[in-house]
1. So is residue 101 at pLDDT 90 or above, closer than 15 Å to residue 60 by Cα and surrounded by 15 or more Cβ atoms within 10 Å (Cβ to Cβ) or not?
2. With the requirement that a residue be of a type in the set (Phe, Trp, Tyr) and either part of a loop (DSSP other than H, G, I, E, B) or farther than 11 Å from residue 27 by Cβ (or both), what does segment 45-65 give you?
3. Quick check on this structure: which one of 8, 62 is modelled with pLDDT under 95 and over 30 Å from residue 88 (Cα atoms)?
4. Give 80, 98, 132 a once-over and let me know the one that is of a type outside the set (Phe, Trp, Tyr) and part of a helix (DSSP H, G or I).
5. Does segment 70-83 contain any residue that is of a type outside the set (A, V, I, L, M), in contact (Cβ under 8 Å) with a residue 12 or more places away in the chain and surrounded by fewer than 11 Cβ atoms within 10 Å (Cβ to Cβ)?
6. How many of the residues in segment 106-129 are out of contact with any helix residue (DSSP H, G or I) (no Cβ under 8 Å at 6 or more places or on another chain) and assigned to a helix (DSSP H, G or I)?
7. For segment 74-91, which positions are in contact with an Asp or Glu (Cβ under 8 Å, 6 or more places away or on another chain) and modelled with pLDDT of 95 or more?
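The values are calculated or read from the model by the stated rules, or taken from the named source; none is laboratory data. Quick caveat: nothing in here was measured; it's all calculated off a predicted structure. Don't worry about glycine lacking a Cβ; one is built from the backbone with ideal geometry, like all the others, and counts go over all protein chains shown.
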Amino acid sequence: MQYFSQQPASYPPPQPNYPRPDYLSSSRKRLAPQLLFKGGILHTWKKKTAVAIHKNFFETLPLLKQVEKSEADIAWLIYDLVLSTEEGTERYHLKIIDEIYTQFESALLSITTATPGDIDNFIKLLQKKLDDQLETPPINAVIDNPL
């Protein structure tokens, strides 16, 4: 933690094309499996779980059904980096923004269940991407029978 307190303020990094977090990948590849396995064990043992999570990451998750703290299996501790000036130097500090309480099963189901969009919009988007790749657009502008 001391390392971060000594670093100058540069979040987000000022360089163009600097990599950004991939929250969708993180939730499916890291958060969901850890909740499933580690959280599942703790839930079986009737132990509570705390998840510390960045505010922007939490905002990409589906809506989680909140419950009272006394009924909760999981406490979501939502943090963000907040810029402050100390002794004339700007620095980012980790600050808790919110605490959300959920039950284990409903949170896991919300995070792991995909919400499909409209198939017609999906096909139109694919067709547009295909058309953009071609030098000349196809004669038929849409796929007649996709399946």
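1. Details: at pLDDT 90 or above: yes; closer than 15 Å to residue 60 by Cα: no; surrounded by 15 or more Cβ atoms within 10 Å (Cβ to Cβ): yes.
Criteria not met by residue 101.
2. Kept after step one, since they are of a type in the set (Phe, Trp, Tyr), are these residues of segment 45-65: 45, 57-58.
45 - this is the single residue of segment 45-65 that is of a type in the set (Phe, Trp, Tyr) and either part of a loop (DSSP other than H, G, I, E, B) or farther than 11 Å from residue 27 by Cβ (or both).
3. Numbers: 8 fails: over 30 Å from residue 88 (Cα atoms).
Result of the check over 8, 62: 62.
4. 132
5. Quick first cut of segment 70-83, residues of a type outside the set (A, V, I, L, M) only: 70-71, 73, 76, 79-80.
Now drop any that are not in contact (Cβ under 8 Å) with a residue 12 or more places away in the chain, which leaves 71, 73, 76, 79-80.
Still in the running and surrounded by fewer than 11 Cβ atoms within 10 Å (Cβ to Cβ): 71.
The answer is yes; a qualifying residue exists.
6. Quick first cut of segment 106-129, residues out of contact with any helix residue (DSSP H, G or I) (no Cβ under 8 Å at 6 or more places or on another chain) only: 106, 109-110, 113-129.
Still in the running and assigned to a helix (DSSP H, G or I): 106, 109-110, 119-129.
Within segment 106-129, residues that are out of contact with any helix residue (DSSP H, G or I) (no Cβ under 8 Å at 6 or more places or on another chain) and assigned to a helix (DSSP H, G or I) number 14.
7. Of the residues in segment 74-91, the ones in contact with an Asp or Glu (Cβ under 8 Å, 6 or more places away or on another chain) are 75-78, 83-84.
Passing the criteria: 75, 76, 77, 78.
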